[in-house]
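Enquirer: One structure is given below, represented as structure tokens, and several questions about it will come after.
The values are calculated or read from the model by the stated rules, or taken from the named source; none is laboratory data. Given the structure is predicted, the values throughout are model-derived calculations rather than measurements. Here the Cβ positions follow ideal geometry from the backbone for every residue, glycine too, while neighbour counts run over all protein chains shown. Keep in mind that these areas ignore ligands, DNA and RNA; they rest on the heavy atoms of the full protein, side chains included. Shrake-Rupley method; radii C 1.70, N 1.55, O 1.52, S 1.80 Å.
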Amino acid sequence: MVLRVTPPSNGLGLRGDKNPFHEVKVGGQLSIVVLVGDGMSDRRVSILGDRTPLQYSRNRNMCLISKLGENGIIDPISPGVTPGSDTAHIALLGYDPFEIYTGRGVLEALGSGISLKRGDIAFRCNFCTLDEKGVIVDRRAGRIREDGEILAKSLDGIRISGVKIKFKQALAHRCVLVLRGKKISHEVTDTDPKRVGVKPLIPKGRGEDGERTAEILREFLNIAKETLSEHPVNKERIRKGLPPANFILLRGASFLPEVQKFKERFGVNGACIAGMSLVKGVARLLGLDVVEVEGATGGLDTDVLSKADATISSLDKYDFVLVNVKGTDEASHDGKVFEKVNMIEKIDLLLGRILEEKGIEELTIAVTADHTTPLEVKKHTGDPVPVAIYSKSARRDSTRLFDEISCSSGSIGRISGKNLLPIMFNLEGIGEEFGE
Ligand code: ZN
Ligand code: ZN
């Protein structure tokens, strides 16, 4: 089947009718995989003898991609800019985050399976714990899990001044709030002070619609406080000695941006496998299908082999699959050095299973990270990340190892996140000449 694609409107630096992705074959005939170790890239770590976790770990399969393919480093957004997982994945999927990113709320909502309409305003939220004076003592309510769903339901479906409120648990303490109605705006401030020992902030709005939205939110938060503190689930949590989820913190108000869908843009049908709702949200925003995997938790306990199997079976149906494994980032934020090393080795096993089952020569595959999260910083930083690409038609450079330093001397050099997919598609022969 041949599909005619409309020219990309952004990100590729190409406008007008000469589109390099003009006519391409579609329908699970290609096997293009991008494997993303979330926050896998690092700086040198003193207890690893000044090596990075990638340099220290036994990542045999990643090194095989490096050895048989081309290598380089990626600035996910641009040099020195610290990426979020959301903006980094937008870029790794071939889009310009500066053009389409409107905030995290919309992505969390899409990621947790809420379908959005134009005009909806979405927020990401946390269940939190307040003491009797209304001061935040735990921003994540003890990382509440199962109890969160029932609590979220008690806040779902409320109507205030004609605006319908949807409230849903995303993963653990993370939730999503969506406002649907007339005369509402994303121009409202966050209520999350991002630290404990202080009271939540009061939402404020800008402009007429923003102020009305803030007023609705203030009323909703009053209802939420009352409902949650009276809820039997929380009374039970207190009895068990667990922190009650007696309030919510809001941030990342955003609206649905207009986006050219992935298949329309590249002529390739794609899927995404991720435990984290934020990454699923990015995928849904760009028109990729999200493949749900049993055991993909987004944490250190995630089942990497079932993710590998899901990737292999998805390649029967899709030309392109992005797989994200979050555990490396979680270990980095917590400063857990050997958990990170262990997670890298689990990602390497995942890669090994794909290579073994599919056969490396059948694949065009890239291994990379969405950003650097140094264990000694415990936050994302703007350092570039390593990338290795294998395709049977790719050049083979002299890099033998997959890590931040070895890849930097590879033949790809230093590229921007949004360049990755065009480079991989070129190796697959997708695209036409630009000019004559
Ligand atoms: Zn990330
Ligand atoms: Zn992170």
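Enquirer: Scan the range 309-346 for residues that are more than 15 Å from ligand 2 (Cβ to nearest atom) and within 23 Å of LEU286 (Cβ to Cβ) and report the count.
Expert: Here the count works out to 14.
Enquirer: Could you list, ordered by first residue, the pairs with Cβ atoms under 9 Å in which the first is in the range 105-120 and under 19 Å from GLY210 (Cα atoms) and the second is part of a helix (DSSP H, G or I) and among the aliphatic types (A, V, I, L, M), at least 6 apart or interchain?
Expert: From residues that are under 19 Å from GLY210 (Cα atoms), the pairs are VAL106/LEU285; ASP120/VAL106; ASP120/ALA109.
Enquirer: Filtering the range 257-284 down to residues that are open to solvent by 10 Å² or more (accessible area, probe 1.4 Å) and either within 13 Å of GLY111 (Cα to Cα) or within 16 Å of ligand 2 (Cβ to nearest atom) (or both), which residue is farthest from the chain's Cα centre (by Cα)?
Expert: ARG284
Enquirer: Which of the residues spanning the range 231-246 are of a type in the set (A, V, I, L, M) and in contact with an Asp or Glu (Cβ under 6 Å, 6 or more places away or on another chain)? Please lay out each step first, then the result.
Expert: Just the residues of the range 231-246 that are of a type in the set (A, V, I, L, M), to begin with: 233, 238, 242, 245.
Residue satisfying the conditions is VAL233 alone.
Enquirer: When the range 261-293 is examined, which residues are found to be assigned to a loop (DSSP other than H, G, I, E, B) and more than 21 Å from GLY37 (Cβ to Cβ)?
Expert: Initial filter on the range 261-293 (assigned to a loop (DSSP other than H, G, I, E, B)): 261, 267-269, 274-276, 287-288, 291-293.
Passing the criteria: LYS261, GLY267, VAL268, ASN269, GLY287.
Enquirer: Here's something else I'd like to know. Condition first: in contact (Cβ under 8 Å) with a residue 24 or more places away in the chain, within 14 Å of ligand 1 (Cβ to nearest atom) and open to solvent by less than 10 Å² (accessible area, probe 1.4 Å). Can you find one or more residues in the range 45-63 that meet it?
Expert: No, there is no match, as no residue in the range 45-63 is in contact (Cβ under 8 Å) with a residue 24 or more places away in the chain, within 14 Å of ligand 1 (Cβ to nearest atom) and open to solvent by less than 10 Å² (accessible area, probe 1.4 Å).
Enquirer: Continuing with this model, one more query. Return yes when ARG159 is open to solvent by 10 Å² or more (accessible area, probe 1.4 Å) and either among the aromatic types (Phe, Trp, Tyr) or over 18 Å from ILE202 (Cα atoms) (or both) and no when it is not.
Expert: Against the criterion (open to solvent by 10 Å² or more (accessible area, probe 1.4 Å) and either among the aromatic types (Phe, Trp, Tyr) or over 18 Å from ILE202 (Cα atoms) (or both)), ARG159 qualifies.
Enquirer: Okay, moving on. Quick one: how many residues across the range 139-151 are surrounded by fewer than 20 Cβ atoms within 10 Å (Cβ to Cβ) and under 25 Å from the mean Cα position of the chain (by Cα)?
Expert: 7
Enquirer: Which helices (runs of 4 or more DSSP H) sit wholly inside the range 335-436 and have at least 3 residues that are among the basic types (Lys, Arg) and either in the same structural domain as PHE266 (by TED's automatic domain parsing) or in contact with a strand residue (DSSP E or B) (Cβ under 9 Å, 6 or more places away or on another chain) (or both)?
Expert: Ranges flagged: 337-358.
Enquirer: Determine which member of the set LEU363, LEU421 is open to solvent by less than 20 Å² (accessible area, probe 1.4 Å), under 18 Å from the mean Cα position of the chain (by Cα) and more than 16 Å from ligand 1 (Cβ to nearest atom).
Expert: On the way: LEU363 fails: under 18 Å from the mean Cα position of the chain (by Cα).
LEU421 is the lone residue from the list that is open to solvent by less than 20 Å² (accessible area, probe 1.4 Å), under 18 Å from the mean Cα position of the chain (by Cα) and more than 16 Å from ligand 1 (Cβ to nearest atom).
Enquirer: Still on this model: With ARG124, ARG118 as the choices, which residue is open to solvent by 20 Å² or more (accessible area, probe 1.4 Å), at pLDDT below 95, within 16 Å of ligand 2 (Cβ to nearest atom) and not assigned by TED's automatic domain parsing to the domain that holds ASP319?
Expert: ARG124
Enquirer: Could I ask something else about it? From (1) open to solvent by less than 10 Å² (accessible area, probe 1.4 Å); (2) within 16 Å of ligand 2 (Cβ to nearest atom), pick out the condition that doesn't hold for GLY84.
Expert: Going through the list (1) open to solvent by less than 10 Å² (accessible area, probe 1.4 Å); (2) within 16 Å of ligand 2 (Cβ to nearest atom), GLY84 breaks only (1).
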